[in-house]
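A.B. asks: Got a structure here, written out as structure tokens. Questions coming.
The values are calculated or read from the model by the stated rules, or taken from the named source; none is laboratory data. Quick caveat: nothing in here was measured; it's all calculated off a predicted structure. Here the Cβ is made from the backbone with ideal geometry for all residues, glycine too, and neighbour counts use every protein chain on show. All accessible areas refer to the heavy atoms of the entire protein, side chains included, with ligands and DNA or RNA removed. Shrake-Rupley method; radii C 1.70, N 1.55, O 1.52, S 1.80 Å.
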Amino acid sequence: MNNFTYCVPTQIRFGKGQIACLAEELSKYGQNVLMVYGGGSIRRSGLYDQIHHLLKDFRVCELGGITPNPKITAVREGVAICRAHKIDVILAVGGGSCIDAAKNIACGAFYEGDPWDLVTDGSRITKALPIAVVLTVSATGSEMNNNAIISNEETHEKLGIVSDTLYPALSICDPTYLYTLPGRQTAAGTADIMSHVIEQYFQSYDGAYITDRLCESVLRTCIHYCPIALEHPDDYEARSNLMWASTLGLNHILTLGKGGAWSCHPMEHELSAYYDVTHGEGLAVLTPAWMSYVLGEQTVSRFAMYARNVWDIYEKDKYRAAYMGIKRTREFFNACGLPDTLLRLGIGRERFEEMAAEAVRTSGIATRSYVHLQKEDIVKIFDSCAV
Ligand code: NZQ
Ligand code: ZN
């Protein structure tokens with residue numbers, strides 16, 4: 001295995017009723033809380049009222065209406081509230097979009113200029129307010145990592161920031177909060193978890209046996225439990241396994257001893273940036289297309305291993321096994337109701353060149369990914385799943 005350093009300072013409180021600790025935990029940081037949440041699901045589920053009741057002795061400001069693929073305009077609003085109300089701690093209640101908005105606000109609060117500057121030049125991030133999370137979607141892993149993804153509608157950019165100041169201090173992960181998650185979000189979230197694992201699994205280095213086996217377990221967990229959660233939204237066992245899979249999928253445990261740049265995410269972030277699509281749906285379209293494109297002499301053994309250990313495909317011929325593994329991946333996404341073409345996401349061919357160029361410009365896909373992909377390769381991948 002390659003050398004690594006691993007230190008994640010996030011306290012995870014996992015399971016039913018864990019929210020009871022909220023007031024005590026937040027009081028460690030102060031009395032002024034900014035609660036960041038989305039478009040209404042937490043009001044409908046009762047979580048909004050429950051949190052207000054628990055925080056009755058705090059001064060709670062609110063920033064609601066965070067949209068999927070959160071926008072820098074909301075971050076600017078949040079930073080202004082932090083300054084005006086001397087916020088001590090930010091509480092994100094929701095999925096990756098609320099958490100990522102909260103993370104951007106947390107570091108923006110200590111920066112004099114425009115928060116978008118921190119996205120284009122991460123070295124300007126020096127400090128952040130503490131962040132607490134009440135998680136309501138199993139997908140991104142943002143509840144236990146130092147990444148935040150934010151979109152700029154004016155420039156059609158969707159970019160990530162990475163800073164150790166952005167690890168949540170606390171994440172409350174109660175699987176019962178997933179009971180109200182619609183099937184579409186359950187499936188898209190699962191595709192996102194699987195894509196995170198696939199990005200980390202498909203790297204050239206072969207010596208991290210333990211990390212590869214952990215990846216396969218998380219993938220098998222998603223494959224086993226997503227259909228159950230779709231059929232029975234309030235199945236605790238399914239929701240709890242998916243929730244923990246989400247966290248493990250991107251708390252960087254699954255990259256230890258390996259490393260390397262990602263492939264499908266940089267491509268998908270362009271789809272979201274230009275067309276505001278649901279992240280997991282974009283990944284469900286791109287992942288099998290990318291797999292088919294990069295399958296070759298250098299990669300076939302790992303694809304055959306993926307087919308055997310994730311999909312139980314026992315086929316001696318490596319290429320045949322690899323093809324079957326890719327086919328099963330595509331079929332699984334389809335069976336979960338996820339789209340299989342860009343057309344179904346409302347994306348035509350008109351911006352393939354532009355998006356491919358941006359994916360290369362904003363990531364390590366051309367120089368450090370599993371199979372290095374140039375702009376022309378990415379256009380071909382987009383083309384292969386266009387209709
Ligand atoms: O806005 P509300 O009304 O809350 O509705 C949300 C939203 O429409 C709804 N929802 C959330 N919890 C619910 C619920 N509906 C019913 N019951 C519940 N319990 O679900 C919709 C999607 O929410 P969102 O937060 O956008 O989902 P997700 O967690 O998939 O986050 C996606 C965002 O995270 C970024 C993505 O690019 C995208 O912007 N990512 C963040 C990463 C990170 N920080 O590490 C890594 C990922 O690869 C990803 O890029
Ligand atoms: Zn993702």
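A.B. asks: Report the relative contact order of the range 183-384, percent, no decimals, based on alpha-carbon pairs under 8 angstrom and at least 6 residues apart.
C.D. replies: The normalised contact order for the range 183-384 reaches 26 percent.
A.B. asks: Sticking with this one: Which entries of 28/56; 71/127; 56/158 show an alpha-carbon separation above 25 angstrom in the structure shown?
C.D. replies: Numbers: 28/56 16 Å; 71/127 21 Å; 56/158 36 Å.
Flagged as over cut-off: 56/158.
A.B. asks: Would you list which aspartates and glutamates come within 12 Å of residue 380, measuring only between C-alpha atoms, while excluding same-chain residues fewer than 8 positions from it?
C.D. replies: Filter leaves 353.
A.B. asks: Using just the helices of the chain, give the 222 nm mean residue ellipticity in deg cm²/dmol: DSSP H runs with n ≥ 4 each add -39,500 (n - 2.57), and the total is spread over all residues, rounded to 500.
C.D. replies: -14500 deg cm²/dmol
A.B. asks: Can you tally the net charge around residue 67? Count Lys and Arg as +1, Asp and Glu as -1, for every other residue whose Cβ sits under 13 Å from the Cβ of residue 67.
C.D. replies: -2
A.B. asks: Dividing the alpha-carbon Rg of the range 40-107 by 2.2 N^0.38 Å yields what?
C.D. replies: Normalised by 2.2 N^0.38 Å, the Cα Rg of the range 40-107 equals 1.09.
A.B. asks: Report the equivalent ellipsoid semi-axes for the range 183-384 in whole Å, largest first, defined as the square roots of five times the eigenvalues of the gyration tensor built from alpha carbon atoms. Intermediate results must be reported in sequence, preceding the final value.
C.D. replies: Details: eigenvalues 115, 91, 52 Å².
They are 24, 21, 16 Å, listed largest first.
A.B. asks: Right, something else. Among 108, 91, 79, which residue has its Cα positioned farthest towards the positive end of the charge dipole of the range 20-121, with +1 placed on the Cβ of Lys and Arg, -1 on the Cβ of Asp and Glu, and the dipole taken about the Cα centre?
C.D. replies: Selected residue: 91.
A.B. asks: Related question: Given the protein chains as shown and a 1.4 Å probe, how many square angstrom of residue 352 are accessible, to the nearest 10?
C.D. replies: Result for residue 352: roughly 10 Å² accessible.
A.B. asks: How are the Cα pair distances of the range 86-233 distributed, in percent, across 5 Å bins from 0?
C.D. replies: 2, 9, 16, 17, 17, 16, 12, 7, 3, 0
A.B. asks: Which GluC sites (Glu not before Pro) from the range 82-177 combine a DSSP loop assignment with at most 16 other Cβ atoms within 10 Å?
C.D. replies: 112, 153, 154
A.B. asks: What residues have an amide H closer than 5 Å to that of residue 91, excluding those fewer than 5 places away on the same chain, when H is modeled at 1.01 Å from N in the peptide plane?
C.D. replies: The answer is 34, 35, 36, 132.
A.B. asks: Would you kindly compute the Cα radius of gyration of the range 11-177 and its largest Cα-Cα separation (Dmax), both in Å?
C.D. replies: That works out to 14.5, 42 Å for Rg and Dmax.
A.B. asks: Ok, one more. So how do 363, 369, 301 rank on accessible area, 1.4 Å probe, biggest first, that is with the largest at the start?
C.D. replies: Largest to smallest exposure gives the sequence 301, 363, 369.
A.B. asks: Can you give me the C-alpha center-to-center distance between the range 103-140 and the range 321-372, rounded to a whole angstrom?
C.D. replies: 28
A.B. asks: What does the convex hull of the Cα atoms come to per residue for the chain, in Å³? Don't jump to the answer; show the numbers that get you there.
C.D. replies: Numbers: hull volume 48.7 nm³, N = 387.
So the per-residue Cα hull volume is 126 Å³.
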